[in-house]
Amino acid sequence: MCQINTEAVPTAFELLCKEYDTTPECMRHPSRKAELVRKRQAIMYVMHKDLGLSLPVIGWQLSRHHTTILYGVRAHDARNP
């Protein structure tokens with residue numbers, strides 16, 4: 001079984017936040033403003049699809065439930081076919 005380096009997860013998250021011109025604190029905030037939601041869902045998508053992180057690990061990093069991460073990944077995928 002593949003082990004995830006949990007020390008690298010925050011670093012990847014911080015780099016993605018910089019790429020999307022936002023902060024980790026802003027992405028963890030419960031705000032539902034469309035601009036923030038789209039950035040958050042894009043970060044969820046990259047972390048899951050490109051980095052191969054599990055939904056619970058991403059949820060832990062974003063302070064969200066893993067089902068919220070699944071919804072965000074699917075929503076981003078539907079918006080960007």
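None of the figures in this text is laboratory data; all of them are computed from the coordinates on show. Computed from a predicted model, the values in this text were never measured in an experiment. Reconstructed Cβ throughout: ideal geometry from the backbone, glycine too, with neighbour counts over all protein chains shown.
Rounded if a/c is under 1.5, else prolate if a/b is larger than b/c, else oblate: which is segment 33-81, with a ≥ b ≥ c the root eigenvalues of its Cα gyration tensor? Here segment 33-81 falls in the oblate category. For the peptides 35-44, 59-68, residues were scored by their other Cβ atoms within 10 Å and the scores averaged per peptide; the highest-first order is 35-44, 59-68.
Remark: spin-label model distance residue 14-residue 70 equals 3.1 nm, labels positioned 7 Å along the Cα→Cβ axis. Here the extension length gained between residue 78 and residue 34 equals 14.3 nm, from 0.36 nm per residue of separation less the Cα-Cα distance.
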